[in-house]
Every structure is written in C-alpha cells, then in structure tokens.
Amino acid sequence: MKPDDQQSVSPSLSEQDQQALDRLLEHGLHNNEPQNEHEQRLYDLFALLGTPVSEESHRNARADLIAVLSRRLEHQASAESRLSPADERVCDEYIESGHSMAGMSDDSRVRAEKLEAIGALITQGSPAASGREQLIQATLAGIQSHIDAEESVLKFEDRRGGFELPGRWADLVSIAAMLLLAASVILPIMSGMRSASQQQMCYDNMNQTANAFGLYTGENRDMLPMATAGFGPTWMEVGTTPEQSNSANLFTLIRNQFAQLDDLACPANPNAATGDADPNAWDWNSLEEVSYSYRIMPPGGMRATSVEQPVRVVLLADRSPVVLRISKKQAVIPEENSPNHSQSGQHMLMLDGSSKWADTPMLDSRDNIWLPRPIESAIHQVRQKYGIISGNEQPDGPTDAFVGP
C-alpha cells in the first residue's frame with residue numbers, strides 16, 4: 001500500500017459480531033456454549049489470550065480485556081493499520097511461494113522470517129507455553145533433587161563391606177533405645193508369664209503323680225514305690241544301681257508304667273528327661289535329669305497309710321538344692337528354695353495326695369524338707385550357741401581369716 005493511498009481505518013464489528021460480543025459480555029465466557037459461528041470466532045479469539053495464572057485471575061483478565069475492547073468500540077478509537085510497501089511485497093511473495101523462503105533475496109528473507117515468526121506465534125501459541133513447560137520441568141527436577149538429598153542424608157556407607165545401611169547413627173541409636181525400652185518392659189512380662197505357665201504345669205505334674213502313687217499302692221499292699229529293700233553306702237548316686245540311688249525308687253512308677261517320663265519332668269528343668277522311657281531302665285541317667293526329690297525310704301519301705309505317721313508328711317517336692325550343691329562340692333544353704341522355679345519356692349506333694357506351693361522349705365513344724373532331723377538339730381544348736389555376728393567378735397588366732405566393713 002503506497003503512502004499517498006493511506007486511509008484511516010477505524011476498527012469496527014459487524015452487526016452479528018457485535019451481537020455475539022454483547023451476549024458474551026452479558027452472560028460471561030464460562031456460562032454459555034457458542035450459539036453460532038460468530039460467537040465461536042470470539043471464543044477462539046479469547047482462547048488465544050490465555051495466561052498461566054489461576055482460574056480466578058484468568059476470568060478477571062479476560063473480563064478486563066473484554067471491557068477494554070468494548071470501550072474501544074464504544075468510543076470508535078481510530079487506529080491506522082497498514083504494511084509498508086516492502087513488507088507488502090515480501091508478504092505477497094511469501095504467500096505466492098507457498099510459505100517458503102527458498103529462492104528469496106537476503107533482504108526479503110529477513111522480512112519473511114519475521115512474518116513466519118508472527119505466523120508461528122498465531123498458529124502455535126505463545127512462547128510462554130514452552131516457557132511454562134520448562135518451568136514445570138525445572139520445578140519437578142528441583143523437587144526430585146531435594147528428595148535425593150534427603151535420602152542421601154538418611155544413608156551411610158560401610159566402606160569396609162561396601163554396603164549401605166538405612167538411617168543415620170542418631171536414627172539407629174533412637175531405634176536401639178526404643179528396642180531396649182520395649183525389651184525392658186515386655187521381656188519381664190513374658191518371663192513372668194512363662195514362669196507362671198511352668199509353675200502351673202509343674203503343679204499338674206504333682207497331681208498326676210499323686211494319682212500314680214495311689215494306683216501303685218493299691219496294687220502293692222499299700223507300700224510306696226521302692227526299687228530295692230535298702231541302700232548301700234549312699235542314696236545319691238543317680239544312674240548307678242538301685243541300692244545307691246533314691247531316685248530309682250521314684251523311677252519305679254515309670255518302670256511299672258504307672259507314670260510317664262513327662263509326668264515327672266518339671267518344665268522349668270532344662271535337663272529333664274522326657275518322651276518314651278527305656279523299658280530296661282531302672283533310673284534316670286544323671287542327677288541333672290531328675291526334676292523332683294522323693295522321700296528317702298527307710299529300710300523295708302514305707303506304707304502309704306499308717307497309724308504311726310502323719311498324713312501331712314511330705315512325699316515329693318521340687319528337686320532339692322542341697323543335694324545339687326553337695327554333688328558340686330559347694331557350701332550348703334539350708335533355707336534355699338528349689339532351683340526349679342528360680343528359687344521362688346517349691347511344690348510339695350503330701351502323703352494324703354494333696355499338694356501345695358511353699359515359698360520356704362521350712363514346714364510349720366520348723367522341719368526342713370531338705371535335711372534330716374539330726375543335721376537340723378546340729379545347725380540349730382550352733383546358731384543358739386554362736387547366734388549371729390553382733391560386732392564384738394574377734395578372730396580365733398593368727399590363722400583365722402576374718403574381715404569386716
């Protein structure tokens with residue numbers, strides 16, 4: 001278009017476009033569907049004006065733009081719109097060449113490139129779109145980098161072994177502290193429950209053995225189990241011969257099938273013999289396998305019922321700690337409880353078939369079930385004579401080792 005042919009061009013809308021714009025201004029872009037091609041063109045036009053903002057800001061920006069266009073139409077603001085002759089010539093040449101810059105001069109190619117950029121802007125959208133994609137990618141990459149950094153903090157490497165262990169030292173210490181705290185609370189409870197269960201099973205064994213004693217005495221003229229008529233020089237040699245082991249007398253219940261090994265195995269004794277007994281066995285193999293201490297039988301045996309003896313005499317009890325100490329050549333502690341239940345006490349089976357739990361080996365009559373009366377009397381006499389240390393005792397000569405506080 002030549003300079004002398006320039007004319008003033010006022011932007012205006014056709015009647016149909018004006019009606020479509022008025023309808024959109026009245027009802028809003030998001031409240032209606034396009035009713036005709038004029039409204040559709042306006043929708044397409046406004047769609048090109050989108051920006052990467054919030055939906056509320058998006059609606060406000062479009063409303064502001066529509067208001068500006070409306071005011072410009074109302075005031076009929078004049079605006080010149082024209083191309084320079086050179087641009088007009090290049091544009092015609094670019095269109096005639098099928099939107100190709102091949103064969104165009106350098107000067108024309110520069111102008112054609114600008115026209116092509118404008119066309120790409122219209123057809124492909126704003127460069128901000130690709131910028132937004134780059135911003136999104138950069139944001140996601142930053143987030144992932146932060147996550148990787150946090151994970152690397154929560155790892156340390158054992159360079160000797162070449163493997164990674166999860167958690168920092170502080171985390172491991174915290175976990176270990178929690179485990180120790182849980183163990184300090186849970187383990188005593190579990191141990192107490194286990195001990196109570198073992199104690200109940202041991203009590204059941206006592207009742208089962210009482211039935212076995214009753215069956216045995218019923219078939220053996222009221223005589224209590226006895227493997228031999230008398231003892232030799234000792235009754236502590238378990239697993240040797242019946243004449244030297246009192247436990248062989250108790251094993252008679254098993255050998256004659258009035259009881260099973262399991263019935264005479266305290267669950268608190270880790271060395272207790274269980275399962276099927278050897279049909280040729282006369283005794284347990286060792287002192288450690290014996291779980292219960294049986295009354296020492298006098299020569300000729302002992303009846304279950306007799307006018308001369310009280311029915312509340314102890315017939316069976318958890319294994320004696322005194323015998324275990326003597327076998328190991330250790331000092332005897334007369335009032336010590338059975339090791340079967342962590343020395344908290346012992347079960348006792350009476351001659352009348354009743355059983356009870358006692359937290360001391362001393363009976364109400366002051367009789368100690370671990371010791372014969374002569375030894376009890378000797379201990380009693382020594383204690384009466386010497387009593388306990390009062391603080392004014394002296395060493396019995398230069399060779400008497402005696403220390404104090």
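In terms of the Cα gyration tensor, with a ≥ b ≥ c the square roots of its eigenvalues, is segment 186-386 rounded because a/c is under 1.5, prolate because a/b exceeds b/c, or oblate?
Details: a/c = 1.37, a/b = 1.06, b/c = 1.29.
The shape class here is rounded.
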Query raised in the report: Roughly how many nanometres apart are two label points built 7 Å out from the Cα toward the Cβ at V382 and S174?
Result: 6.0 nm
Report task. Multiply the residue gap between R366 and A281 by 0.36 nm, knock off their C-alpha separation, and tell me the result in nm, one decimal place. Result -> 26.9 nm
Query raised in the report: So between A102 and S184, what do we pick up on full extension, going 0.36 nm a residue minus the alpha carbon distance?
Result: 20.8 nm
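Laboratory data are not the source of any read-out in this text; all were calculated from the coordinates shown. Source: prediction; values computed, not measured. Cβ atoms come from the backbone with ideal geometry, glycine included; neighbour counts cover every protein chain shown.
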